[in-house]
Amino acid sequence: MTGTVHLGELMGRPRIGPVRALVVVLCALVALFDGMDLQIIGLAAPAIAADLRIPAASLGAVFSAAIAGMAIGGLVLAPLADRVGRKVVLVAAVLCFGAFTLATMAANAVTALLAFRFATGLGLGAAIPSAISLASEFVPAHRRATVAGLLFAGFPVGGVLAGLLGSRLIPTAGWHGLFLVGGIAPLVVAVVVVVSLPESPVFLVARRAPVRRIARTLARVAPELTIDASTRFTGVEQRERRAPVGQLFATGRRANTLLLWAASFTSFGVLVVNSSWTPTLLAPLGVPVARTAVALALFNAGSVVATAAGGWLITRFGVRRVLPSAFALAAAGVTGIGVAAPSVSGVIGMQILIGVGLGCASSGVIGLAAVAYRTAIRSTGVGWALGVGRVGSFVGPLLVAALVAAAWPVAGVFAVLGAVCLVGGLAAAALRQARHARQARMGPSPSEGTA
């Protein structure tokens, strides 16, 4: 019999069996397919428009439908993982976006396409926060931000995979083949998660689950432990009665939550603007779309590398050193595009700066959310940080559209985007200094310890 189990120390062990690696790998696959299923619509859009006789003007709404669903999924559905469990919401979210990706193949009109893409977005928006919460609670506390950043890097990698599949499947099997793979693959992963993954023991203890259930889970983590009804668990705070979203604004958290949201809003907003508007803005300046595509490919390459490193960097060097620097780098790159154009080499160089800067900033924001909030509100914190970022993804393109309609010069439009990046950097710089050198926390955590 084991009298007391400190979960922080237990989950912080260097080796706790294969379950940790399995959780991280499967959650990374969820993030990968999340990114793939979001981006395949862009590749399939021309063929879908031709098949369904959809006007090109209607495609904007189709693209936005999934992002709208993602925002709601992050803001409304992801917090459920703090109530019913990380694994339950993760499986439901993956089943949702996998099933509705498949259902998209049956769309025969714009309204059906909009509905299926919105429903797909609901699952996409809830999946990543749940995956990050689950995986981060199976690793030592000082590695949570690193793991969160690595998982989030699966999102742009999924975009790369979508491009590779699209180049092969669309010419041979049509756009339906792309959605067939994009739907079946996550459904298979969902089944594997149901069969193979345990619920987070940190969550179970925080929610006062029956000892028998906690014992079954810990048997996979530390089989040498013998747990009975008298075993006490320490190192994890117990559940609170307040609603999880309200707890994000509890004493000591309010200012930092708002600053975190501001950083997320700006980083994701400029990311989407850069990908969607850059070819259109640069074409009148004499930059061929084909060359802009090369620049955006290098932007994505830089983003993948920096996204994977963002969580580790804030763990190693601290939030105040890394995030403001990343935003400043992005601001220099975005502003520099307006100055460098029509030089193709100059645009490519600036896009690499943007990819590295915004990749690190967006990943760092999500990594910070994974470690900054207590177990009871971790999925809520990550979900709302991502959800507010998706709102920024809406507002950013609309802002640029307004500037273009007002006949702003291209250099001026990019300068405004650079200023938006600086706002994000100022918000990141204003975040309260981390309590410990290698672990950022926002607000009191009286009993969680290192868990």
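Summary of values
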quantity	calculated
Residues of the range 188-208 that turn out to be of a type outside the set (Asp, Glu) and crowded, with 17+ Cβ neighbours inside 10 Å, as a count	13
Count - residues of the range 189-215 that are assigned to a helix (DSSP H, G or I), at pLDDT 80 or above and charged (D, E, K, R)	1
Tally, over the range 163-178, of residues that are farther than 16 Å from Met105 by Cβ and of a type in the set (A, V, I, L, M, F, W, C)	1
Where Ala407 falls short, out of the listed (1) in a helix (DSSP H, G or I); (2) at positive phi	(1)
Hits in the range 299-333 (condition: closer than 23 Å to Ala31 by Cβ and either outside the structural domain of Ile366 (by TED's automatic domain parsing) or surrounded by fewer than 17 Cβ atoms within 10 Å (Cβ to Cβ) (or both))	Val305, Arg316
Some residue of the range 415-430 being at negative phi, part of a loop (DSSP other than H, G, I, E, B), at pLDDT 85 or above and of a type in the set (A, V, I, L, M, F, W, C)	yes
Which listed residue is in the same structural domain as Val30 (by TED's automatic domain parsing) and under 30 Å from Pro201 (Cα atoms), from Ala135, Ala115	Ala135
Residue within the range 374-390 that is surrounded by 24 or more Cβ atoms within 10 Å (Cβ to Cβ) and not in a helix (DSSP H, G or I) present	yes
Test result for Ala107, closer than 28 Å to Ile214 by Cα and either over 12 Å from the mean Cα position of the chain (by Cα) or crowded, with 22+ Cβ neighbours inside 10 Å (or both)	no
Residues of the range 123-145 classified as farther than 26 Å from Cys96 by Cβ and either in contact with a strand residue (DSSP E or B) (Cβ under 7 Å, 6 or more places away or on another chain) or polar (S, T, N, Q) (or both), total	2
Filter pass, Leu43 being in the same structural domain as Gly123 (by TED's automatic domain parsing), at pLDDT below 90 and under 15 Å from the mean Cα position of the chain (by Cα)	no
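The values are calculated or read from the model by the stated rules, or taken from the named source; none is laboratory data. Just so it is clear, the model here is predicted, and its values are computed rather than measured. Every residue, glycine as well, gets a Cβ built from its backbone with ideal geometry; the counts of neighbours run over all protein chains shown.
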